Amino acid sequence: MKKWVWVVATLVVALLIGGYAYSNHHATAKEYQAAMTNGRTALTNKDYTQAESYFQNAMKRRLNDKTAQTYLTQTQHFVSGEDALDARKFSRAQGRYQTVKDTKNGAKVLIQRATKRLKQLKVIQANVKQFKKLLKQAASENQALNYGTSNNTLDELFNNKQFQKVYYKDLYTQALALRKANNAGQASSSSSASSQTTASSSASSTTTSSSKAAATSNSNSNSNSSSSSTKNTGASLTSSESQAAKNYKGSNEYTVTKKQKELNGKTITASQISLARKTINAAGGQADAMSDQDIRVALQQADKKGMSLTKYTQQYLK
């Protein structure tokens with residue numbers, strides 16, 4: 001009798017344990033499915049942080065589950081691509097999106113979004129190349145003191161609606177700075193031209209007055225010319241010395257060659273020298289203490305180094 005009691009008791013315990021195990025397994029399976037479903041919903045809603053949390057929870061319910069792991073990794077790569085795109089690190093973003101797209105048995109919604117991003121990146125990178133080319137051209141024109149032409153080139157950028165998008169923020173900032181420099185250069189050039197006009201007018205007036213004074217004193221000069229000529233004979237060059245002076249073709253340490261007065265094969269004008277002085281002073285240099293040839297050398301060296309005169313002054317003339 002006792003033997004049968006123990007048998008029955010054992011069977012009851014086994015059934016209870018088995019039932020609990022089955023019930024627990026069933027509950028865990030339901031929790032796993034719920035986590036995966038919620039994760040997919042979060043992806044659809046672009047709530048990637050929540051999606052990652054759900055997929056991690058699913059992996060806790062079913063250890064080493066490949067599907068949950070694939071979805072989690074794919075989501076993390078897509079988020080990394082989005083961060084890189086926002087930071088304008090286009091090559092890195094492209095790599096992340098390509099990984100998402102190539103994921104086998106991954107979330108279809110992420111594959112679709114990654115494919116769309118890759119097409120967008122292709123356009124962005126092409127625009128960056130074109131915008132950099134125009135910006136480089138405008139910078140070269142600025143260095144050649146062609147401020148108006150440089151601004152015209154910049155207008156091609158500013159008139160392009162794509163250029164105003166956040167992806168090109170760094171280039172946009174550079175373009176704004178260059179336009180500001182061009183405007184300052186044009187203002188200085190106009191001021192210099194105005195000063196030269198005033199100086200020319202003053203010189204003309206002075207010349208007229210001098211001519212009248214010369215006419216008045218001309219007769220006195222003629223009356224004294226014979227005696228002055230006699231007195232100055234002793235200080236004059238002999239005929240052989242005069243001929244030697246004419247025949248001299250050499251140069252001394254102060255001689256400036258034609259090439260030293262040119263920039264890119266063109267003679268550096270007085271207007272360019274005047275404008276360069278103002279640019280050097282504005283950049284913190286001491287242009288007033290420099291000769292015209294010093295200014296020419298500064299322009300030539302800045303051009304040789306591929307730098308603006310302002311940057312050259314700040315680096316070498318301060």
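For a protection proxy built on the mean count of beta-carbon atoms within 10 angstrom, sort 155-165, 78-88 highest first, please. If you can, show how the numbers build up before the last one.
Working: 155-165: 13.7, 78-88: 17.7.
In decreasing order of mean packing, 155-165, 78-88 become 78-88, 155-165.
Write down Rg/Rh for the range 130-183, rounded to two decimals, with Rg from the C-alpha atoms and Rh from the Kirkwood relation over Cα pairs.
Rg/Rh: 0.94.
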Check: For the range 262-318, what is the convex hull volume of its Cα atoms per residue in Å³?
Finding: 63
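Order these by the 10 Å Cβ neighbour count, fewest first: MET307, MET59.
Details: MET307 16, MET59 20.
Ranking MET307, MET59 by Cβ neighbours within 10 Å, fewest first, gives MET307, MET59.
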Item checked: Gain upon complete extension [ASN264, LYS132; 0.36 nm per residue less C-alpha separation] -> 45.1 nm
Next item on the list: Round to the nearest 0.05 the FRET efficiency obtained for GLU31 and GLN112 when R0 = 22 Å and r is the Cβ-Cβ distance.
Entry: 0.20
Check: Between GLU262 and residues 5 or more places away or on another chain, which pairs have amide H atoms under 5 Å apart, with H built 1.01 Å from N, and which residues are they?
Finding: ILE268
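Would you mind checking LYS132/LYS311; LYS165/LYS266; LYS136/LYS161; LYS122/LYS169; LYS261/LYS305 for any pair whose Cα atoms are more than 29 angstrom apart?
Checking Cα-Cα distances, LYS165/LYS266 exceed 29 Å.
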Margin query: On a full-extension model of 0.36 nm per residue, what is the gain between PHE90 and ASP294, subtracting their alpha-carbon distance, rounded to one decimal in nm?
Written below: 68.9 nm
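Say R0 is 51 Å: what FRET efficiency, to the nearest 0.05, do THR67 and ASP155 get from their beta-carbon distance?
Details: r = 55 Å, r/R0 = 1.07.
Efficiency, from the Cβ-Cβ distance: 0.40.
Which FRET efficiency value, to the nearest 0.05, is calculated for GLN50 and LYS122 with the Förster distance at 35 angstrom and r the Cβ-Cβ distance?
On the way: r = 30 Å, r/R0 = 0.87.
Taking R0 as 35 Å, the efficiency between GLN50 and LYS122 is 0.70.
All of the numbers you see were taken from the coordinates with simple rules; none came from a lab. The structure presented is a predicted model; accordingly, all values stated were derived computationally and were not measured. No Cβ is skipped: glycine too gets one built from the backbone with ideal geometry, and neighbour counts run over all protein chains shown.
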